[in-house]
Amino acid sequence: MSLDPRDYDLTELRSVAGGEFVADPDASGDEPTDESTVSPGERLRRRERDRELLTLAAADGDSVERPFVDRIPVSRAAERVVFDWLDFLLTVGGETGARDALTYYERVEWLGTSARESLERYLDGFPEAHRGGEGRVTLDDHRESLAFVARIRAFDAPRRRREALRDARTPADGE
């Protein structure tokens, strides 16, 4: 059975393809859509983030297991991404919001316990003046965090590949 794009609503196809949302011409047009309230720069940033997530997910193939990040990779580049992420969380949620978010990410298995504990130790090193307000971490902030998690996971890909090769060569117990 083939899929024919003509069988689908044009608005739906554009949405799936990541294109601009075009309001139904028969609609009143009085109520703005969510996308109409977002600046063009923010729309571009969101698309880039989503594209990055898809690229990183494709690079991992079928091997994506939870937690996505079980430990923080040891490299300057990974540490920079960690600092940028924690800076982001502190800016949007303050210290309490950042810590709550990390606990939530462990609960939904984006992070392993070791990774969360490492991130909390990094948080302790941020100066008080840099801790931002006491805002709430929003759904879009969680999406942004998932992009950071994917970047951190990418730094650990060589270790995961080595472990997978080692595990493939090691006979299972009892064989």
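The values are calculated or read from the model by the stated rules, or taken from the named source; none is laboratory data. For clarity, every value in this text was computed on a predicted model and none was experimentally measured. Quick reminder, even Gly has a Cβ in these numbers, built from the backbone with ideal geometry, and neighbours come from all protein chains shown.
Considering every residue within the stretch 110-127, establish whether at least one is in contact with a Gly (Cβ under 8 Å, 6 or more places away or on another chain), of a type outside the set (S, T, N, Q) and crowded, with 17+ Cβ neighbours inside 10 Å.
Here is the first cut: in the stretch 110-127, the ones in contact with a Gly (Cβ under 8 Å, 6 or more places away or on another chain) are none.
No, the stretch 110-127 contains no residue that is in contact with a Gly (Cβ under 8 Å, 6 or more places away or on another chain), of a type outside the set (S, T, N, Q) and crowded, with 17+ Cβ neighbours inside 10 Å.
Please name all residue pairs, on different chains or six or more residues apart, with Cβ atoms under 7 Å, provided the first residue is in the stretch 72-97 and is touching a residue at least 12 places away in the same chain (Cβ under 8 Å) and the second residue is of a type in the set (Asp, Glu).
Pro73/Asp156; Phe88/Glu144; Val92/Asp141; Gly94/Glu134; Thr96/Glu134; Gly97/Glu134
If you check Arg99, Arg160, Arg121, which single one turns out to be in contact with a helix residue (DSSP H, G or I) (Cβ under 8 Å, 6 or more places away or on another chain), at pLDDT 90 or above and part of a helix (DSSP H, G or I)? Steps first, answer last, please.
Values: Arg160 fails: at pLDDT 90 or above; Arg121 fails: in contact with a helix residue (DSSP H, G or I) (Cβ under 8 Å, 6 or more places away or on another chain).
Result of the check over Arg99, Arg160, Arg121: Arg99.
Please give the number of the condition Ser36 fails out of (1) over 28 Å from Ala157 (Cβ atoms); (2) at pLDDT 75 or above; (3) not in a loop (DSSP other than H, G, I, E, B).
Single failed check for Ser36: (2).
Anything in the stretch 68-88 that is in a helix (DSSP H, G or I) and within 10 Å of Ser118 (Cβ to Cβ)? List them, or say none.
Let us first name the residues in the stretch 68-88 that are in a helix (DSSP H, G or I), namely 76-88.
Scanning the stretch 68-88 gives a single hit, Val82.
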